[in-house]
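Contents: one structure, followed by commentary.
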Amino acid sequence: ITLDPADDPQLIFESLNSTGLALTEGDKIRNYILMGLTPQKQELYYDGFWTKIEQCTGNDVSDFVRDYLSIKQLETPTIRTYVETKKIPPDNLLDDMLLYARIYRKLLQGKSGLDCPALDDCMYRLKRLKIKVAEPFFMEIFRLHQEGEHLSVEDLTRIFQIIESYLFRRNICEVPTNALSKLFLNLNREVIRYDNTTDDYVNKLSYVLLSKKEHSRLPDDAEFS
């Protein structure tokens, strides 16, 4: 279809496809990222990045992108809003998405790939409990570890165990969950803001969670009993 300069290719794409099998958000995102590129670049980026992202996310790109945007914006805007606001080139965007998709795969599989049984056991339990709300936070924690930001494997293990305890105690005590999405979106930033470093991350995380009140609280031993 030949379009005039004023036409919106994404809108036309979605309108044409609305008459057939419903598109997933992942389909729309893929098209939006690739549609303005030359056929050669489309093929290059599709094979080099997008298929790998699909493999890492178990072909559930929609859920992954929601977590990815939550990390990047501390909210869940559309991919179009994020890309156009930040003016991110497609290759940079796809490269960054693939980095996070590989971390996302660890959470999907419940395996850290770090040869640490205690961490893998905790990840497996969280996977079995189907707790999705903490995924953006866990993805950031893995990224910090990969980038050498003073987070050891032992630190990762303690962080996962602390969050597991926090979520499990709240579940048993039937604390309302409506505050958790915002809490986990801001948790990494809240931990780092004390001294603008990741030093002593585990103790700072414990302090942050113990200081929470009302619907964000960590139930103490008496309440849990």
Enumeration of residues in segment 205-216 that are open to solvent by 20 Å² or more (accessible area, probe 1.4 Å) and part of a helix (DSSP H, G or I): 206, 207, 210, 214, 215, 216
Unmet criterion (only one of (1) basic (Lys, Arg); (2) closer than 19 Å to residue 109 by Cβ; (3) at pLDDT below 85) for residue 52: (3)
Residues of segment 11-32 that turn out to be assigned to a helix (DSSP H, G or I), more than 16 Å from residue 92 (Cβ to Cβ) and among the hydrophobic types (A, V, I, L, M, F, W, C), as a count: 4
Test: residue in segment 110-131 that is closer than 30 Å to residue 43 by Cβ and among the hydrophobic types (A, V, I, L, M, F, W, C): no
Pair list, Cβ under 9 Å, 6 or more apart: segment 197-225 residue more than 19 Å from residue 134 (Cβ to Cβ), other residue assigned to a loop (DSSP other than H, G, I, E, B) and open to solvent by 40 Å² or more (accessible area, probe 1.4 Å): 197/149; 197/150; 199/150; 200/150; 200/194; 223/217
Some residue of segment 33-44 being over 25 Å from residue 161 (Cα atoms), modelled with pLDDT under 90, open to solvent by less than 70 Å² (accessible area, probe 1.4 Å) and assigned to a helix (DSSP H, G or I): yes
Residues that are farther than 21 Å from residue 35 by Cβ and either open to solvent by 60 Å² or more (accessible area, probe 1.4 Å) or assigned to a helix (DSSP H, G or I) (or both), drawn from segment 73-98: 73, 75, 76
3 or more residues on the phi > 0 side of the Ramachandran plot: qualifying helices (runs of 4 or more DSSP H) within segment 99-192: none
Contacts under 6 angstrom Cβ, first residue in segment 9-26 being open to solvent by 50 Å² or more (accessible area, probe 1.4 Å), partner hydroxyl-bearing (Ser, Thr, Tyr) and modelled with pLDDT of 80 or more, 6 or more apart: 24/62; 25/62
Residue among 131, 159 that alone is under 23 Å from residue 220 (Cα atoms), out of contact with any His (no Cβ under 8 Å at 6 or more places or on another chain), open to solvent by 30 Å² or more (accessible area, probe 1.4 Å) and in contact (Cβ under 8 Å) with a residue 24 or more places away in the chain: 131
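The values are calculated or read from the model by the stated rules, or taken from the named source; none is laboratory data. Predicted, not measured: the structure shown is a model, and the values here were computed from it. FYI the Cβ positions are ideal-geometry reconstructions off the backbone, even for glycines, and counts take in every protein chain you see. SASA here: full protein model, heavy atoms, side chains in, ligands and nucleic acids out. Shrake-Rupley method; radii C 1.70, N 1.55, O 1.52, S 1.80 Å.
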